[in-house]
1. Check which residues have an amide H placed less than 5 Å from M257's amide H, if you skip close sequence neighbours.
2. Counting other C-beta atoms within 10 Å, which of R221, R75 has the fewest, and how do the rest follow?
3. Please compute the length gained on full extension between N31 and R81, using 0.36 nm multiplied by the number of residues separating them and subtracting their Cα-Cα distance.
4. Please compute one quarter of the surface area of the Cα convex hull for the stretch 120-240 and express it in square nanometres.
5. Return a whole-number percent for the relative contact order of the chain, with Cα pairs under 8 Å and 6 or more residues apart as the contact set.
6. Which Cys residues of the chain have no other Cys beta carbon under 4.7 Å away?
7. Which residue, G18, Q245, L105, has the largest displacement toward the positive end of the dipole of the chain when charges sit on each Cβ (Lys, Arg +1; Asp, Glu -1)?
8. What is the stretch 120-240's relative contact order, in percent, from Cα pairs under 8 angstrom and six or more apart in sequence?
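No lab work stands behind these numbers, since they all come straight from the coordinates. Everything numeric here is computed off the predicted structure, so don't read it as measured data. Here the Cβ positions follow ideal geometry from the backbone for every residue, glycine too, while neighbour counts run over all protein chains shown.
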Amino acid sequence: MTVNEKVQCLIIGSGPAGYTAAIYASRAGLNPVLYQGLQPGGQLTITTEVENYPGYPEGIMGPQMMVDFEKQAQRMGADIRWGLATKVDFSNRPYKVEIDEEKWLEADSIIIATGAAAKWLNIPSEQRLNGHGVSACAVCDGFFFKNQDVAIVGAGDTACEEALYLSKICGHVHMIVRKGEDGMRASKVMQERVKNTGNITLHWHSETDEILGEKTVNAVRIKNMITGETKEIAVKAFFVAIGHQPNSDIFKGWLDMDDAGYLITVPGTSKTNIAGVFACGDVQDKHYRQAVTAAGSGCMAALDAERYLGTIEHELNALHTQS
């Protein structure tokens, strides 16, 4: 392969984690180059108002928040570029990353901030009303529907946790489950908590037929998988909790990951199983998935990269002299 460029610190992906890593790496003098990926700004660019990020007392729209993050990273000196990492080679230092299937970069350190994408039901109304009552994050958006009736679809621990969260702030929660009680994926403890919560109704053997509403959600139509009967439930929001897919495919075979594809980092750090390669944000976090935790892990990754580069400075100088 022909290497087109050599960089000290390469950041793959944007969003709160990537941009924060770029801010800290720039201030540390690492001259970071950041490739934004297919969705510059990450999942926050498809959200509406963000009210739970510190420093925005009046709230802020998700896309604008990511514009602010990007501008701050640029002001610190980060080289932010449009482009997608399509292949990696971590066999030897400096590590190699292919961009847009056409050029290769060498990097002394790499910060992975490629995030994760919510899984959707893939029905037209879901995308049309996304951000207008349809959401994939109850913790992010549940507050906007305080004391109102909502629906959530899913059957795992995350769905149960989000249903319980919603039950504390919403009027009533309708939980839509494709299978019966014996087919629910959530742990027994979580199932019992949901069943014993008075304002949660479980709709077994049911699937979402359509989300109803012109500009905002006003109801959901569900279909019983056994009888074929449909019914409409009046709700003001519809939450999808059927899982997330980490954007980690290009790292398979190189980096340790769990069964779901989330990158595994050394507890308390952003370090992966390959020295000099760090991971932050939702690509390695399947528990919290919040903008503020992603930003925090981006800070950790940049600090870890700075310390790593400091420890191998003499070795890198020798390598660069030889090349």
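1. Close amide H contacts, sequence-distant or interchain: I264.
2. R75, R221
3. Extra length available between N31 and R81 comes to 16.7 nm.
4. Hull-based average projected area comes out at 6.6 nm².
5. Relative CO of the chain lands at 20 percent.
6. C9, C160, C170, C280, C299
7. Q245
8. The value is 31 percent.
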